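Right, one structure below, let's go through it.
The values are calculated or read from the model by the stated rules, or taken from the named source; none is laboratory data. Keep in mind that this is a model prediction, so the values were computed, not measured. For neighbour counting, all protein chains shown are included, and Cβ atoms are generated from backbone atoms with ideal geometry for every residue, glycine included.
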């Protein structure tokens with residue numbers, strides 16, 4: 001595909017009373033995953049809530065599109081600068097939870113020169129599959145993972161799908177637009 005596309009994925013209301021449950025929390029749920037350090041994290045509360053995120057699916061043994069997409073993640077990491085790990089996060093979720101252990105993810109993160117704020121997630125296969133499905137990245141086989149980034153500004157309820165093999169500068173521009181959404 002020569003043209004990069006961005007499509008609005010979900011619009012979520014952001015003005016809720018303190019007693020109401022967030023539609024995003026209800027939709028994404030708090031399924032438990034495990035990060036590259038072996039720490040348990042909850043999908044909504046720890047990964048998505050209050051953040052601008054860019055999510056991809058990948059697996060560490062991939063030699064096809066994953067290295068290309070992760071090179072774009074590295075460019076996004078550089079473009080967001082010191083916002084990474086504060087209000088902007090990169091999230092790489094494995095589609096091969098049975099093989100991609102936290103140790104493998106940590107080693108892969110090192111190869112990618114991932115800084116704090118770029119998290120790599122695995123966990124129980126059932127939980128990982130549920131998280132990927134909720135994000136629109138679910139697959140039957142690891143080799144058929146989607147070449148998409150999900151770019152979300154959870155506080156603003158703005159979610160977009162972006163072709164992960166598009167031109168990195170165009171992807172960075174879309175990410176910056178979602179970050180700056182008011």
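Miscellaneous remarks
- Tally of residues being loosely packed, with under 15 Cβ neighbours inside 10 Å and closer than 18 Å to residue 149 by Cβ across region 80-104: 1
- Set side by side, the residues 4, 9 differ, and just one is modelled with pLDDT under 95, in a strand (DSSP E or B), on the phi < 0 side of the Ramachandran plot and in contact with a strand residue (DSSP E or B) (Cβ under 6 Å, 6 or more places away or on another chain), which is 9.
- Region 116-142: number of residues that are surrounded by fewer than 16 Cβ atoms within 10 Å (Cβ to Cβ) and over 23 Å from residue 160 (Cα atoms): 5
- Wholly enclosed strands (runs of 3 or more DSSP E) of region 80-182 bearing at least 2 residues free of Cβ contacts under 8 Å to residues at least 40 places away in the same chain: 88-94
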